[in-house]
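Structure first, commentary second.
The values are calculated or read from the model by the stated rules, or taken from the named source; none is laboratory data. Every value quoted in this text rests on a predicted model; they were computed, and no experiment measured them. Heads up, the Cβs are rebuilt from the backbone with ideal geometry, glycines too, and the neighbour counts pull from every protein chain shown.
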Amino acid sequence: MHDANASRASKTLVPRTASAVLVNPVGLHARPSVKLTQCAKNFAAKIEIALAPDGPWTDAKSPVKVMRVKAPQGAMLYFRVAGSDGDAALAAVLALVHDGFGEA
Amino acid sequence: MTEIHLIGRAASPGLAIGPVTVLTVAAVESRRTTGDPAQETASLKAAIEGAAAELAELIEAEQGEAADILEFQVAMLEDDALAEGAFDAIAAGAAADHAWRAVLNGEIAGYRSAEDEYFRARVADLVDIRDRVLVHLNGAAKSAAITGGSIVAGDDISPSAFLAADWRGGGAIVLSAGSSSSHVAMLARARGTPMVVGLGPLSWQDRPPALALVDGDAGTVIFDPEPETRRLFEHRMSAVNAARAVADAGRVKPAFTAGGRRIAVLLNIAAPEDLAGLDPAICDGIGLVRTEFLFGASQGLPDEEAQYSVYRRILDWAEGRPVTMRTLDAGGDKPIPGLTIDGESNPFLGLRGIRLSLSRPEVFRLQLRALARAAVHGTLKVMLPMVAIPSELDRARELLDDEVVALRAKGMDGSRPPLGIMVEVPAAALRAEDFEAGFYSIGSNDLTQYTMAAARDIGAVADLNDTGNPAVLALIARTVEAGRARGVEVSLCGDAAADVRLTNALLATGLTTLSVSPIAVARLKATIATVNP
């Protein structure tokens, strides 16, 4: 599968993916979206989110676009990153989701 | 002039009376376009930057929730993606204000059609953003200022309009549309401003009403009340105010009904931090410790030591008062990564609560062991969530007994706390006497939702989600009767315990123990004192 190939080739510029369940009470809405985009902007890597493993992909650095995804609580959120600091970026955004954006 | 009664949905509790201010849609007058795309682009850019700067200034004066809400608006404004379409339209010859309005209206329509109420509730934020930029573009035409103490009526109200008004002198918000999930509703609850939403079209015959009575507990509004209606309402308000003063004073005293019946008032807590700064004397113990908080963080499932130390801290706080801890209640609306099942078609009817714990005995045993170790430090009781049939309790009891034996075999301290069940599945309420439970604790939220087949977070059926419904009260009474027959304690720990409109009905079922969040203790005790017998 695409995911497995991607994670094996983590040293190349092939995008890496991961997923996590949205555990905070109200899904990816106003405050969580702001926190996610603020976190994503700390990295040079391209970071995208989606509600399905094959997209459509949305720029995780744009609060307007992230809000348009309207990801509800309990949804599985998929991440795709590409760039030199992609590993750190992926870890940071996943930690944020796991922590329920500090409001779980 | 006859009084007008409207029924909506309660969004923020409390009673208010005051003159009515009708929010009118601010008709921003059209502006003269320059006809030059470069200048129009510059104007819109400047307006967006001006609006963001204005918001940043407002944030300075706010804290917590209000600041977060404004920061969200700033983040949206600073994102080029928001105005992208408007700049394209301007390049094609549109005027800046028309282009901005069209693009934002499209964005707003997307939120309005969202399935999720939380996203629909963001419409007010987007309208707020749209209008703030329009005011910067076109100048003037700000909506009328809200005078302190007035009842603000309208279709919806923006967070900016709410924050611009002074609510310290009273007042309330009544909306034809709106949502109890909106940012304004959150702010209103935090500031103690009553708010009612979903009243339906507010249409007046010739002129708007002069006065309104707002009941933010019941979700009702009366416009232009008759003198007698007003008198009764004012009487109620002063009684509520007096009761609040008495309640605050009576918080540390034990609760008795007017007839002298002693009612135990316990606390519901979600984490030990909820107890910070609280005097244990305000309660007769802790009726519900939700242990999910231990499992929510990113570090994975908590180990035995981490659990033990948290349980012990809570028992230490209680100074010997009974503390009921609920074993992990994951699933349903509380997914836990790596533990709960993703993608169940109906998680509320799926593998949750005790069902999940019994399917993952290694996780469950760890929690039972930590609880048994903590039990030696106070009066601990352990409660199992979502039990439907007696064999679930029996299997959990075997696991607990095993763990206690294992602890002692290792020479460690541990004792076997009483094991009870949470009564929240109608099947358990109907046959409560069949369970060899050490106690029963009624979880009224789920019991109501399963009995009425209505979720409370779905606005369209929220009216059906009523713990005061005779069917739900009958199941509560039946559980109380089973407890009496078996000689074990019965308590109620759902949100209904804190709903003082239900206190009379709940105590009439024979309940003598209610468990509520710390903030609700004073009001509940004061209400209990008015109940007969």
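Assorted remarks:
- Once segment B:509-521 is narrowed to residues that are at pLDDT below 90 and aliphatic (A, V, I, L, M), the residue that is surrounded by the fewest Cβ atoms within 10 Å (Cβ to Cβ) is B:519.
- Residue within segment B:275-285 that is outside the structural domain of residue B:149 (by TED's automatic domain parsing), under 18 Å from residue B:513 (Cα atoms), touching a Cys at 6+ places or on another chain (Cβ under 8 Å) and of a type outside the set (A, V, I, L, M, F, W, C) present: no
- Scanning segment B:95-109 for residues that are assigned to a helix (DSSP H, G or I) and within 21 Å of residue B:39 (Cβ to Cβ) yields B:96, B:97, B:98, B:99, B:100, B:101, B:102, B:103, B:104.
- Conditions (1) buried (at least 20 other Cβ atoms within 10 Å of the Cβ); (2) under 30 Å from the mean Cα position of the chain (by Cα): number failed by residue B:396: (2)
- Among the candidates B:475, B:524, B:506, the residue that is buried (at least 18 other Cβ atoms within 10 Å of the Cβ), at pLDDT 95 or above and in contact with a strand residue (DSSP E or B) (Cβ under 7 Å, 6 or more places away or on another chain) is uniquely B:506.
- Scanning segment B:234-251 turns up at least one residue that is closer than 30 Å to residue B:422 by Cβ and in a loop (DSSP other than H, G, I, E, B).
- Every residue from segment B:367-393 that is more than 31 Å from the chain's Cα centre (by Cα) and among the β-branched types (Val, Ile, Thr): B:376
- Comparison of B:126, B:82, B:77, B:70 shows that the only residue that is facing chain A (nearest Cβ under 10 Å), in a helix (DSSP H, G or I) and within 26 Å of the chain's Cα centre (by Cα) is B:126.
- Annotation: of all residues in segment A:35-80 being within 13 Å of chain B (Cβ to nearest Cβ) and charged (D, E, K, R), the one that is surrounded by the fewest Cβ atoms within 10 Å (Cβ to Cβ) is A:41.
- Hey, residue B:135 closer than 17 Å to residue B:43 by Cβ, of a type in the set (A, V, I, L, M) and part of a helix (DSSP H, G or I) or not: yes
- Residues (in a helix (DSSP H, G or I) and surrounded by fewer than 16 Cβ atoms within 10 Å (Cβ to Cβ)) located in segment B:339-354: B:348, B:349
- Evaluation of residue B:357 against (1) more than 10 Å from chain A (Cβ to nearest Cβ); (2) more than 22 Å from the chain's Cα centre (by Cα); (3) surrounded by fewer than 23 Cβ atoms within 10 Å (Cβ to Cβ) (one fails), failing number: (3)
- Count of residues meeting criterion [of a type outside the set (S, T, N, Q) and surrounded by fewer than 22 Cβ atoms within 10 Å (Cβ to Cβ)] in segment B:365-392: 9
- Residue list for segment B:434-461, restricted to those being at negative phi, of a type in the set (A, V, I, L, M, F, W, C) and assigned to a loop (DSSP other than H, G, I, E, B): B:435, B:437, B:454, B:455, B:458
- Every condition in (1) modelled with pLDDT of 90 or more; (2) within 14 Å of chain A (Cβ to nearest Cβ); (3) farther than 22 Å from residue B:54 by Cβ holds for residue B:89 except the one numbered (2).
- Hey, residue B:56 under 24 Å from residue A:28 (Cα atoms), within 12 Å of chain A (Cβ to nearest Cβ) and either assigned to a helix (DSSP H, G or I) or modelled with pLDDT of 85 or more (or both) or not: no
- Selected residue (only one of B:512, B:479, B:467 is touching a Phe, Trp or Tyr at 6+ places or on another chain (Cβ under 7 Å) and within 24 Å of residue B:384 (Cβ to Cβ)): B:479
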